[in-house]
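All remarks here apply to the structure that follows.
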Amino acid sequence: MPIEFDPKQQVFHLYTDGMSYVIGLIKDIYLAHYYWGARILTVHAASKWRFGPRPNTPTPEYPDLTLHLDTLPQEYPTHGRGDYRPPALGLTVLDDGVSALKLAYRGHCIERGKRPLSGLPAAFVTDEAQATTLTVELGDEAVGLSVELSYALFERFNLVARSAKIVNAGTRRLAVETAMSASVDLPHDAYDILHLWGAPLRERMVERQPLAPGTFRFGSTRGASSHYHNSFFALLRRDATEDTGDVYGFSLVYSGNFLAQTHVDHDLSVRAMIGIHPFQFRWILEPGEAFQTPEALLAYSGEGLGGLSHMLHRFIRQHVMRRPFGVTERPILLNSWEAMYFSISEDRLLALAERAAEAGMELFVIDDGWFGERNDDTRALGDWTVNLEKFPSGFAALAEALRSKGLKLGLWIEPEMISPESALYREHPDWVLRTPYREPVRSRHQWVLDLSREEVVAHLMGVIDALLASAPIAYVKWDFNRYLTDVWSRALSAERQQEVAHRYMLGLYRLLAHVTERHPHVLIEGCAGGGGRFDLGMLQFMPQMWTSDNSDAASRIFIQYGTSICYPAIAMGAHVSSVPNHQIGRVTPLGFRAHVAMSGNLGYELDLTALDASERAAIREQVRLYQEIRPLVQFGDFYRLVDPFVTRDRASWMFVDEARREAVVFYFQILAEPNSPVRRLKLKGLDPQALYEAPELGFVMSGAEWMHAGFALPTLASDHQSLLIRLKQVP
């Protein structure tokens, strides 16, 4: 087994071919962190830490003056007994207010496989041989507390999946106030932190900065992982690059409020942690009850940021995205939104579908406006029945008409929301998240349903089941166009109101688990206002995400590049839209827009009936080309070649198949410059000994020459130009 326990040193060694993660016991009590990084063959625990007296520092095991929690690298730290750094666990005994905890080792278990987390998405295995799990139990007997720390190690991945289960094993009521999924204490501060920040229409911008003494933190308190900060970060050794050096990735399998933080202490060591945000969070545990944290993925790469991305991409496809969608090709779609907005009808859509079929597309998606009295965005959310004035034949007949053209049917829904002007609200006004004192805040003219309530979740299960049974619907675009406000539930007592935000997520996960189990072959694409819940929790159920509501190709280069740090191309919905672009008014060539969209799951979102014959012919060729390169894009290794966040005026990336026989390279000139220098592009990921032909360039070179010497890029004469270059091995 790749997890070993040395009883003499009391050390656990978790290892793969390329990584070691070492933890152990101090004084038979404290679970400490020894090492995380490149694979080591031996472990000498005593050499990893120095004990001794420290000035003005508490000594929790008095009269031993050498042990200090404020400097001990711990696996799941608490507060109140001398560790003044941020805690992973904080709770209060309700009857007396005690919050100081002492978590002591009680035992451990090592087993093959990996168990699912109750009520939460998590990485999974399809065969128990794919993972080994270590569970370490810690406890505080005086408080009546047990904490089960889970470490799942996966075959072929330098990655540990961590979570914690907090159990009230005593007789008194406990209130959990902080419960991180993972915390790691690293022995020095010579790291940069890389995180993905942004806002609606400019999500997942890449920021890299040095760590400094003190606390750096980011997260979300919006009720969703959000457009503003992604629930991923990486620590990079200062000398780490895209292709070399040690990089440590942290990613949370959760879609609600989260906190990610690092703390550089007075000893210049680093505590890094990620989990549910403690703001407005308080979970009461009655005797015998347990709280399960979400899972966090901790990944190590010794091959730079690119190596981390390759591993995470493969892992997400194989162990996070539900089957079959992590391992099967995604369809090329046409979405009706920017072509028609709310002005949809059966006749207009069938005319648009005719053009989509002529272009070779595979899926036709009817966006907002098909249900109830939904003629604008002020009404009818919650009334999920087809508007027969717009669709007199109904969806079953429409799906058959599409099938005859070679297209499958997809629909947009936003089931978590409710309009004040809706039949559902008139029937169930108490189902809205709201405080008892005033009308709830509106956003996009709508309110949020209280998914912490069982009856609301049950209603949505029935509604979605009926919709998906009404016609052969192959795809659902699941939107979430606003964040939570007025987070209060009629169903909970006053002392449990700070549980509502997390209970909302648990209700949403129950709903999604039901829908995906009942309808396993329906592809769900998450939208959330365009990228507002792009996280591993959603990817478990929605293996494709609408990456951003900004479909401008030049903007998308930055958005998709940043997204690629953690998430694979197969997760990114990317569409060719109209010009001038509907978000920012920019005009870019059709080929440039297509090349950007081909770097994810290709779709179109424009009125094909308004295009001329040459534009329709160009789109037919784009669809044909993407069908050829689709396996490379969706399942190949992704290599970043030119960073637009550095250059600002150009970008490049490429995809290489697992056997290194084929590759496709994309190069984008965002802005032209006069009398530009000759630029060489060096490729990555090829077999250095093999020969590769590039038909678009007209020559053959060895993989070593493509990668080390590169080639001179052709002159591109204006802004927003692009190249697509295919490489194939030749005998």
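Computed from the coordinates by the stated procedures, all read-outs in this text should not be read as laboratory data. Remember, it's a predicted structure, so these values are computed and weren't measured experimentally. No Cβ is skipped: glycine too gets one built from the backbone with ideal geometry, and neighbour counts run over all protein chains shown.
Taking 8 Å as the Cα distance limit and 6 or more residues as the minimum spacing, I'd like the relative contact order of segment 226-304 as a percentage. Kindly include the intermediate steps, with their values, before the conclusion.
Numbers: 120 pairs, mean separation 30.4, N = 79.
For segment 226-304, the relative contact order is 38 percent.
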Nearest 10 degrees is fine. How inclined is helix 346-358 to the longest principal axis of the chain, computing both from alpha carbons?
90 degrees
Note, segment 698-707: 3J(HN,Hα) by Karplus (6.51, -1.76, 1.60, θ = phi - 60°), whole Hz, Gly/Pro = x, goes x, 8, 10, 9, 6, x, 4, 6, 4, 8
Let me check against my output: what whole-number percent is the relative contact order of segment 407-475, with C-alpha pairs under 8 Å and at least 6 apart?
42 percent
In the chain, what percentage of the DSSP-assigned beta bridges are antiparallel, given to the nearest 5?
85 percent
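Which length gain, in nm to one decimal place, applies between Leu94 and Asp28 when the Cα-Cα distance is subtracted from 0.36 nm times their residue separation? Provide the component values of the computation, followed by the final result.
Details: separation 66, 0.36 × 66 = 23.76 nm, distance 2.92 nm.
Here the segment from Leu94 to Asp28 would lengthen by 20.8 nm.
Go ahead and estimate [θ] at 222 nm for the chain from helices alone: -39,500 (n - 2.57) per DSSP H run with n ≥ 4, summed, over the residue count, rounded to 500.
Computed mean residue ellipticity for the chain: -6000 deg cm²/dmol.
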When averaged across all projection directions, what area in nm² does the alpha-carbon convex hull of segment 583-700 cover?
9.5 nm²
Expected sort for 268-274, 2-8 on mean C-beta neighbours within 10 Å, highest first, is 268-274, 2-8
With unit charges on the beta carbon (Lys/Arg positive, Asp/Glu negative), name the residue among Pro187, Gly144, Ile166 whose Cα is farthest towards the positive pole of the charge dipole of segment 83-319.
Ile166
Under 29 Å Cα-Cα from Lys48, which lysines qualify once same-chain neighbours fewer than 8 residues away are excluded?
Lys8, Lys27, Lys102, Lys165
Any idea what Rg and Dmax come out to for segment 83-319 if you just take the C-alpha atoms, in Å?
18.0, 55
At a threshold of 8 angstrom on Cα-Cα distance, excluding pairs fewer than six apart, so keeping six or more, what relative contact order does the chain reach in percent?
10 percent
Name the residue farthest towards the positive end of the dipole of segment 289-416 from the options Leu381, Gly306, Phe395, assuming +1 on Cβ of Lys and Arg, -1 on Cβ of Asp and Glu, about the Cα centre.
Gly306
How far apart, in nanometres, would the label points at Gln280 and Ala494 be if each is projected 7 angstrom from Cα along the Cα-to-Cβ direction?
1.9 nm
Using the alpha-carbon atoms, what tilt in degrees (0 to 90, nearest 10) does helix 394-404 show relative to the longest principal axis of the chain?
70 degrees
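Please identify the chymotrypsin sites (Phe, Trp or Tyr not before Pro) of segment 230-281 that satisfy two criteria: DSSP loop assignment and at most 13 other Cβ atoms within 10 Å. Which are they? Numbers along the way, then the final one.
Values: sites: Phe232, Phe233, Tyr248, Phe250, Tyr254, Phe258, Phe279, Phe281; in loops: Tyr254, Phe279, Phe281.
The qualifying sites are Phe279.
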What is the magnitude of the charge dipole of the chain about its Cα centre, with +1 placed on the Cβ of each Lys and Arg, -1 on the Cβ of each Asp and Glu, and no other charges, expressed in debye to the nearest 20?
680 debye
For the chain, what ratio Rg/Rh do Cα atoms give with a Kirkwood hydrodynamic radius?
0.98
Against the longest alpha carbon principal axis of the chain, how many degrees, from 0 to 90 and to the nearest 10, is the axis of helix 454-469 turned?
30 degrees
Loop trypsin sites (Lys or Arg not before Pro), segment 634-663 (other Cβ atoms within 10 Å of the site Cβ: 13 or fewer; DSSP)
Arg648
Highest-first arrangement of 561-569, 97-105, where packing means the average Cβ count within 10 Å:
561-569, 97-105
Rounded to the angstrom and largest first, Cα extents along the principal axes for segment 629-693 equal 40, 25, 18
